[in-house]
Amino acid sequence: MSQLDQGMSSERRRQEILAYLSARDRSTVGELSQVLGVSEVTVRRDLDVLETQGVLERVHGGAVVSGRGRLERYFAAREQEHLEEKRRIAQAAAALVRSGQRIFLDASTTAAQVARLIKDREQLIVVTNGLYTAFELNFCDGITTIVVGGTMRRRSSSLVGRFNYNSLQRLRLDIGFFGARAVTPRDGLMESDMEEAQL
């Protein structure tokens, strides 16, 4: 490793590569080397790892973002917006969750933050239409995760549609947590996508 490469962890560097590609979809090794302040050898190694993970594809002299990379990049970008506020909301929400409850977490990035804070609960049933929320809880022994079916919305990694609503109508839940585009005194929660609004 050169002296140039010592300032940033490999994980952070790879996140930076994906963030840089997020606005461009394509970049060269030389360009990434200059932007990150690391050697081209280090960039090539990082690109190889990211290609193995399926989030980008190597092309001659650089890389392009794969379909999976676009999906993960979009969620990751939304997750970083107003991150401190989302964490504070998640802390307040998680304080309401008790072991033994049945709760709903939607596909929002704030709900994913809640999921990270409730992993220690026991005999908890979590119903979600969010793929990232479900993955977050996947290895929690005390939590049963139910993913409601439907059509996947790529931009939010959420499952929506008639299958989703039919499943939810049969469930009895103690509490639900929903992200929204806006809240008004007259209309309550508002959403820009009709299927998310119906949920």
### All positions within segment 42-67 that are among the β-branched types (Val, Ile, Thr) and either at positive phi or surrounded by 13 or more Cβ atoms within 10 Å (Cβ to Cβ) (or both)
42, 43, 49, 55, 64, 65
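Where residues in segment 113-125 are within 17 Å of the chain's Cα centre (by Cα) and open to solvent by less than 10 Å² (accessible area, probe 1.4 Å), which of them is nearest to residue 178 (Cα to Cα)?
Going through segment 113-125, the residues within 17 Å of the chain's Cα centre (by Cα) turn out to be 113-119.
Within this subset, residues satisfying the condition of being open to solvent by less than 10 Å² (accessible area, probe 1.4 Å) are 114-115, 118.
On the way: 114: 11, 115: 12, 118: 16 Å.
Here the answer is 114.
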### Message
Give me the helices (runs of 4 or more DSSP H) completely within segment 77-159, filtered to those with at least 2 residues that are of a type in the set (Ser, Thr, Tyr), ordered by residue number.
### Response
109-117, 131-137
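Can you go through 144, 110, 133 and tell me which one is touching a residue at least 12 places away in the same chain (Cβ under 8 Å), among the hydroxyl-bearing types (Ser, Thr, Tyr), crowded, with 17+ Cβ neighbours inside 10 Å and in contact with a strand residue (DSSP E or B) (Cβ under 6 Å, 6 or more places away or on another chain)? I'd like the intermediate steps shown before the answer.
Numbers: 144 fails: crowded, with 17+ Cβ neighbours inside 10 Å; 110 fails: in contact with a strand residue (DSSP E or B) (Cβ under 6 Å, 6 or more places away or on another chain).
Result of the check over 144, 110, 133: 133.
Residue by residue through segment 90-144, note down the ones that are of a type in the set (Asp, Glu) and farther than 20 Å from residue 191 by Cβ. Steps first, answer last, please.
Step one: filter segment 90-144 for residues of a type in the set (Asp, Glu), giving 106, 120, 122, 136, 141.
Passing the criteria: 120, 122, 136, 141.
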### Task
Output the residue which, of all residues in segment 87-107 that are at pLDDT 95 or above and of a type in the set (D, E, K, R), is least open to solvent (accessible area, probe 1.4 Å).
102
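So is residue 12 at pLDDT 85 or above, among the charged types (D, E, K, R) and part of a helix (DSSP H, G or I) or not? Working first, answer last.
Working: at pLDDT 85 or above: no; among the charged types (D, E, K, R): yes; part of a helix (DSSP H, G or I): yes.
So residue 12 does not fit the description; no.
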### Summary
Residue hits (segment 22-41; open to solvent by 30 Å² or more (accessible area, probe 1.4 Å) and either touching a residue at least 40 places away in the same chain (Cβ under 8 Å) or not polar (S, T, N, Q) (or both)) are 22, 23, 24, 25, 26, 31, 35, 40, 41
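The values are calculated or read from the model by the stated rules, or taken from the named source; none is laboratory data. These numbers come from a predicted model, not from an experiment. Every residue, glycine as well, gets a Cβ built from its backbone with ideal geometry; the counts of neighbours run over all protein chains shown. Surface areas here come from the heavy atoms of the whole protein model, side chains and all, with no ligands, DNA or RNA. Shrake-Rupley method; radii C 1.70, N 1.55, O 1.52, S 1.80 Å.
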